[in-house]
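The values are calculated or read from the model by the stated rules, or taken from the named source; none is laboratory data. What you are looking at is a predicted structure, and each value in this text was computed from that prediction instead of being measured. Glycine also receives a Cβ, built like all others from the backbone with ideal geometry; neighbour counts cover every protein chain displayed.
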Amino acid sequence: MMKKIVLSFFLIIGVVFATTAELEDTLQLDGAISEISISGGKAFVATERGKVQIVDLKTHEVIDEILYPKFEDFMGDLQLPKVFSVDVSPDHQIIAAAIQASRGGREVYIYKDGKLTKIISRKMHLPVVKVRFVDNQHLILGLSGDEVVLFDINNKKVIYRNSVGMSFFSDMEINEDKTKIAITDESGDTRIIDVKTGKIVKIIEELNKDKAFDVDFRNNRTFTGGRDKKAVYYNLSTDKYRVFESDDFMVFSVALSPSGKKGAYIYNDKFDIKVVYTEEGSTITYLRGHKSTPGAIKFITEDKIIVGCDDGKIFFWRLKK
């Protein structure tokens, strides 16, 4: 009887961890990584040292980079700006980035045909944390005061500026058809916003019990990570959710696969990333070997994951059975 129990235990373990992760490659970039955007077979990596570095996802090499102007700090010295957010237009031709500016301000630049153009100056007093393209002519901006802005790029004009919460903004992600955005903030709640109107259409309440740091939004599903040491998956089609625990560590970064059926989140203080089946709640595998906090996690495909860390290192992972 005991032999059967032991055998059953190992069979269960074998099923749970039937999928393993292979580290395909690593790449050292210039500065801590704040965000990664995937577009047209390339990764656009925002760093804290004034650059967006463009990485070919086949060769895993840096093929180009965009340099942003230095800003004047409070002592009057010139410093390299942090690039807070980066996104690429649907036609893959325009790169938008929100960067640090003088006197505590923020600015937004677009890069097109080799030319860098400032479209939002710090004098416009828009404290931009996040940028996302709606189409080739419009951006959705997430502001630090829990506001969203729809911005006309060509006319450099605000179409609407709406308050969506009473807390300090944390993160924002847009869905695949560019019709809705998910916003998280210090309250821990997730608000779903209609892009066309800027109005709240749904609030996912009290699942993260404290500040949510990060959100992903894929296939009508959201995934958030918070200070309460939890990652929360929510299926907007069914209103079903699942809470994933960390190993006593705040969940700073999360990611969903394109289908939304797999999720990844920072798991512990060793900077391991746990990969899970979101609906079933079971563990797929762990990604181990990161030496600093993974500030950005992205699924490239259902089985390929890119991780960017605070030490400037990128990891290319592949899930395999």
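At a glance:
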| quantity | calculated |
| --- | --- |
| Residue, nearest to Asn162 (Cα to Cα), within region 177-209, restricted to residues that are of a type in the set (Asp, Glu) and more than 19 Å from the chain's Cα centre (by Cα) | Asp194 |
| Residue identified as touching a His at 6+ places or on another chain (Cβ under 7 Å), farther than 24 Å from Leu256 by Cα and among the hydrophobic types (A, V, I, L, M, F, W, C) among Ile153, Ile159 | Ile153 |
| Contacts under 6 angstrom Cβ, first residue in region 273-289 being at positive phi, partner modelled with pLDDT of 95 or more and charged (D, E, K, R), 6 or more apart | Gly281/Arg242 |
| Candidate set: region 158-201, residues that are polar (S, T, N, Q) and within 15 Å of Phe217 (Cβ to Cβ); chosen: the one surrounded by the fewest Cβ atoms within 10 Å (Cβ to Cβ) | Thr179 |
| Residue in region 264-277 that is outside any strand (DSSP E or B), under 17 Å from the mean Cα position of the chain (by Cα) and surrounded by 23 or more Cβ atoms within 10 Å (Cβ to Cβ) present | yes |
| Qualifying residues in region 43-75 (those that are outside any strand (DSSP E or B) and of a type in the set (D, E, K, R)) - the one nearest to the chain's Cα centre (by Cα) | Glu48 |
| Number of the condition not met by Gly105 [criteria: (1) buried (at least 17 other Cβ atoms within 10 Å of the Cβ); (2) over 23 Å from the mean Cα position of the chain (by Cα)] | (2) |
